[in-house]
Amino acid sequence: MLIPGQNQLAEPEIVLVEDFEDLLAEFKAFVVEYVAIKSPSDAAKLEISLENESELITLALEAFTVRLQTQERKYNARIKQMLAWWATGSNLDARLADMGLERQLLDPGDPDAYPPIPPTYESEEAARLRYYLAPHAPAAGSRMQYRREVLTLGDRPVVTVGAPSAGVVTVTYTFDPTSYAAQVKDGNGRRTAPGEVMVTVLGRAGDGTPSADLLAAVRAHFARDDVRPETDLVTVQAAQIVPYKIRAIAYINSGPDAGLTKSSAEASLQAYGVSCHRLQGRVDPSWIDYTLHSAGAVQLQILEPLAPVVTTAFQAPYCTAVEIEVRTL
């Protein structure tokens, strides 16, 4: 399946902006046709004028075309906010609500502090991923179902069905008042033997090693009759962390922007390391090369890692440090 952050999706045709030259030609033809209805002679003169780019009427139509393209971009941006793949902010919250989901609270903050510390919620990327995993809830025993259960840990009620009297069926939903889901950054389930599934958990804190309490909560969650498939023997383990560093020497042309290049490169590489911090993540030197060149390097020497850092479904790469040395050519 397509997963945001791991796959790319082309923009739909509905949000494409028409080419400037084609749109301008269309407007010119429309204006000439409109004038020709009332005055064919004036229309002929107007058509000649529109061929001259220095004419005021031509400049006016060009300005109108630019304005129309700007309006199209504004409307297209609103259209994209209706699509979960591109939705952000409260628009993404509305899409989550369609699946009965809401953003997980990572830190309640402190409203009594001065200045007040606002609450911290999960990132849009994490929320969007849970949105796309939600439809897989009925697929008991599938990889996506196991991953969804780990990422929404504790947010699912215990469902009990009873028949207290003839013709009466009661369904009770009991929610766990404490949730560990906010502590889970990634998780999956893999078949290790016939009838045996290994659930791996990656935490958010530190290098991703989950706490003993979190692992216990995951085990308790998958021990429930309404979560674990009857045919699976589920074992829970912590993700194996594969540490690595990003070290490089970036060469730039002489000038006063060495500090800017260094800070920009380190910030971008830190963000890249965070995006790779997931189960079965991969760190590729080619992305480091691309990031450094985008930050202004004209030449570079990557010191670490020299080869891609490749992890399995039970492992996650973790960047321990980003060290960029900027030199002037």
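The values are calculated or read from the model by the stated rules, or taken from the named source; none is laboratory data. Given the structure is predicted, the values throughout are model-derived calculations rather than measurements. FYI the Cβ positions are ideal-geometry reconstructions off the backbone, even for glycines, and counts take in every protein chain you see.
For this structure, a couple of remarks:
- Residue satisfying condition, being at pLDDT 90 or above, surrounded by 14 or more Cβ atoms within 10 Å (Cβ to Cβ) and of a type in the set (Ser, Thr, Tyr), within set Thr65, Thr70: Thr65
- Pairs are defined by a Cβ separation below 6 Å, a sequence spacing of at least 6 or placement on different chains, a first member in the range 235-252 that is surrounded by fewer than 16 Cβ atoms within 10 Å (Cβ to Cβ), and a second member that is assigned to a strand (DSSP E or B) and of a type in the set (Gly, Ala, Ser); the pairs so defined are Lys245/Ala321.
- Counting only residues that are among the polar types (S, T, N, Q), over 14 Å from the mean Cα position of the chain (by Cα) and in a loop (DSSP other than H, G, I, E, B), the range 85-112 holds 1 of them.
- Just one residue in the set Asp284, Asp289 is surrounded by 13 or more Cβ atoms within 10 Å (Cβ to Cβ), in contact with a strand residue (DSSP E or B) (Cβ under 7 Å, 6 or more places away or on another chain) and at pLDDT 90 or above; that residue is Asp289.
- Pairing residues of the range 40-67 that are outside the structural domain of Lys28 (by TED's automatic domain parsing) with residues that are of a type in the set (Lys, Arg) and surrounded by 13 or more Cβ atoms within 10 Å (Cβ to Cβ), at Cβ distances under 8 Å and at least 6 apart in sequence or on separate chains, gives no pairs at all.
- Positions within the range 211-225 being within 15 Å of Gly141 (Cα to Cα) and part of a helix (DSSP H, G or I), in sequence order: His221, Phe222
- With respect to the conditions (1) within 28 Å of Tyr146 (Cβ to Cβ); (2) in a helix (DSSP H, G or I); (3) in contact with a helix residue (DSSP H, G or I) (Cβ under 6 Å, 6 or more places away or on another chain), Pro317 lacks only one, and its number is (2).
Each row is one residue, and each column tells you yes or no for (1) aromatic (Phe, Trp, Tyr); (2) in a loop (DSSP other than H, G, I, E, B).
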site: Ser49; (1), (2): no, no
site: Leu61; (1), (2): no, no
site: Leu83; (1), (2): no, yes
site: Tyr114; (1), (2): yes, yes
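- Restricting the range 163-191 to residues that are aromatic (Phe, Trp, Tyr) and surrounded by fewer than 21 Cβ atoms within 10 Å (Cβ to Cβ), the residue that is modelled with the highest pLDDT: Tyr173
- Filtering the range 179-217 to residues that are touching a residue at least 60 places away in the same chain (Cβ under 8 Å) and touching a Pro at 6+ places or on another chain (Cβ under 8 Å) leaves Leu202, Asp207.
- Taken over the range 260-299, the residue count meeting the criterion of being in a helix (DSSP H, G or I) and either among the acidic types (Asp, Glu) or over 21 Å from Val326 (Cα atoms) (or both) is 5.
- Within this structure, Leu92 fails the test of being in contact with a strand residue (DSSP E or B) (Cβ under 7 Å, 6 or more places away or on another chain) and outside the structural domain of Val17 (by TED's automatic domain parsing).
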